[in-house]
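Here's the structure, in structure tokens; my notes come after.
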Amino acid sequence: MNPLAQELNAKLEKANPHVHQLLSELGKNLFFPKGILSQSAEAKQKAHRFNATIGIATEGDQPMHLDVIQQNLNEYDPKDIYPYAPPAGKPELRKAWREKMLAENPSLHGKSFGMPIVTNALTHGLSIVADLFADPGDVLVLPDKLWGNYNLTFGVRRGVNVVNYPFYTEEGRFNVQGLKETLLAQKEKGKAIVLINFPNNPTGYTPGEEEANQIVDTIREAAEAGINIAAVTDDAYFGLFYEDSIKESLFGRMANIHPRVLAIKVDGATKEEYVWGFRVGFVTYASESEDVLDALEKKTMGIIRGTVSSCSHPSQTLVLKALESPDFSKQKQEKYDIMKKRANRVKEVLDSGRYDDAWDYYPFNSGYFMCLKLKTVDAETLRIHLLDKYGVGTISIGSTDLRVAFSCTEEEDVETLFDLIYQGVQDLKQA
């Protein structure tokens with residue numbers, strides 16, 4: 001094992017042995033090398049005559065660039081576009097995102113957590129978490145309504161056993177008891193990764209205050225029972241809370257609740273700021289120990305250095321400029337209002353009773369999506385039929401569930417969309 005990795009592991013074990021025990025074998029072996037990047041960082045501070053360390057070309061005290069590219073980016077200084085971004089991300093962006101997190105999550109105030117580390121959007125952040133904390137045979141606790149990519153990221157890539165519990169209770173609320181039973185069943189293993197995704201993909205559900213407090217109590221209770229827990233919040237759709245739910249991430253409530261609980265927030269500008277193609281995400285760790293935060297940041301930087309090296313500098317600059325704009329909040333509110341109207345229109349149409357013989361729908365109050373629970377036809381058969389006959393695209397999940405994205409459906413088209421889905425059901429019933 002590299003001495004730098006040993007040094008980070010010793011720091012973690014001294015500061016919080018439970019977090020050290022959470023690390024995968026890969027996680028224990030990770031470190032941030034004192035190589036070209038660290039030497040370049042030193043040179044950037046001290047080499048006032050010539051800096052012959054960086055692997056970019058310069059011209060006239062600026063990064064060398066082509067006018068055919070720069071002419072489309074004239075509002076931006078070449079130094080904020082062309083050089084490599086640091087492995088942990090643009091410092092100004094990390095600071096701005098941390099301030100945004102504090103402003104939007106009241107429960108984070110007074111908590112100890114690190115600087116957000118820039119990732120190549122959400123999936124990259126989740127894969128970093130998997131690499132750091134997941135070994136073959138470890139358990140990932142997930143509800144049965146889940147984003148399919150979790151299986152690829154944690155199961156296929158890292159050999160984790162995915163253990164599911166029913167997402168909803170019979171009353172249509174989040175199944176805290178199911179989470180509790182599944183988590184406490186890991187007591188013999190002494191370790192679990194719990195992944196919480198609100199607003200949920202595919203259901204569009206976010207819990208209310210009582211459920212949220214019960215979730216946190218469950219995580220604490222499992223920790224008190226001797227289970228080391230990596231409590232991961234996938235906050236891809238953060239901020240899109242329309243009604244009857246908490247309006248913040250559970251990360252703040254889970255941060256610092258117990259020495260055995262490592263709260264980890266994975267989020268990003270991707271969907272929060274409507275910049276899907278920019279691929280700007282973040283991973284943030286919470287710990288009362290600065291040594292734990294420092295060690296985890298360096299190990300995370302090691303993963304980034306060993307995979308993508310660093311994330312897109314232009315994308316980070318564009319997101320930072322947006323966050324700094326005086327028009328940012330106003331424009332974001334405008335988009336939120338559009339999304340909320342679409343969600344409300346979906347409920348209005350579905351509650352009309354016209355489709356009750358064809359489906360029920362799962363409770364939703366947030367996010368991009370909602371799910372129909374079909375009563376009479378197979379979801380995949382319906383999906384293909386809708387595509388072939390009506391040119392309507394939906395997502396089938398299992399045999400009964402059909403995910404519909406109102407995020408990309410204009411408010412005035414909602415009724416027509418569900419009328420076509422209903423007609424598709426009738427076609428199949430009569431076939």
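Quick note: the coordinates plus some simple rules give every number you see, no bench work behind them. The structure presented is a predicted model; accordingly, all values stated were derived computationally and were not measured. Positions of Cβ are generated from backbone atoms using ideal geometry, with glycine treated the same way; all protein chains shown enter the neighbour counts.
Among the aspartates and glutamates, select those whose C-alpha is under 20 Å from the C-alpha of K189, and discard any that sit fewer than 8 residues away in the same chain.
E13, E25, D131, D135, D138, E181, E221, E224
Can you tell me how much longer the chain between N161 and I384 gets when fully stretched, taken as 0.36 nm per residue apart minus their C-alpha distance, in nm with one decimal?
77.2 nm
Using a Gaussian network model of the chain with C-alpha springs under 10 Å, which one of D67, D235, D378 is most mobile by mean-square fluctuation?
D67
Using a simple charge model, +1 on the beta-carbon of Lys and Arg, -1 on the beta-carbon of Asp and Glu, nothing else, what dipole does the chain show about its Cα centre, in debye to the nearest 20?
Its charge dipole is roughly 1360 debye.
Cα centroid distance between the stretch 134-210 and the stretch 246-271, in Å?
First find each Cα centre; the distance between them is then 15 Å.
For the pairs K90/K271; K265/K375; K111/K145, note any where the Cα-Cα span goes beyond 25 Å.
K265/K375; K111/K145
Would you mind checking the tilt of helix 121-133 against the longest principal axis of the Cα atoms of the chain, expressed as 0 to 90 degrees and rounded to 10?
So the inclination is approximately 70 degrees.
Computed from the mean reciprocal separation of all distinct C-alpha pairs, what Kirkwood hydrodynamic radius does the chain have, in Å?
Hydrodynamic radius (Kirkwood, Cα only) of the chain equals 23.3 Å.
Whole-Hz Karplus ³J(HN,Hα) for the stretch 68-79, in order, using 6.51 cos²θ - 1.76 cosθ + 1.60 and θ = phi - 60°, x for Gly and Pro?
These are the phi-based 3J(HN,Hα) values: 5, 8, 5, 5, 8, 10, 4, 6, 10, 5, x, 5 Hz.
Specify the angular offset, from 0 to 90 degrees and rounded to the nearest 10, of the alpha carbon long axis of helix 36-46 from the longest principal axis of the alpha carbons in the chain.
Approximately 60 degrees, to the nearest 10.
Among DSSP bridges having both ends in the chain, what percentage is antiparallel? Round to the nearest 5.
Just about 55 percent of them are antiparallel.
Most fluctuating residue of A103, A236, A295 in a GNM of the chain with Cα springs under 10 Å: which is it?
A103
Show the residues, 5+ positions off or on another chain, whose built amide H is closer than 5 Å to the amide H of Y361.
For Y361, whose amide H was placed from the backbone, the distant partners under 5 Å are K373.
Under a 10 Å cutoff between Cα atoms, tell me which one of Y361, Y336, Y274 has the largest fluctuation in the Gaussian network model of the chain.
With Cα springs under 10 Å in the chain, the top fluctuation among Y361, Y336, Y274 is at Y274.
Return the percentage of antiparallel bridges among DSSP beta bridges fully within the stretch 201-290, rounded to the nearest 5 %.
Antiparallel bridges make up about 50 percent of those DSSP assigns within the stretch 201-290.
My understanding is that a pair violates if its Cα-Cα distance is over 32 Å; which of K46/K330; K180/K247; K341/K389; K321/K341; K14/K180 do that in this structure?
From K46/K330; K180/K247; K341/K389; K321/K341; K14/K180, over 32 Å: K46/K330.
With no solvent and one equal point scatterer placed on each C-alpha of the stretch 329-430, evaluate the Debye formula and give log10 I(q)/I(0) for q = 0.15, 0.18, 0.23 Å⁻¹, two decimals.
Calculated log10 I(q)/I(0) at the listed q: -0.58, -0.81, -1.27.
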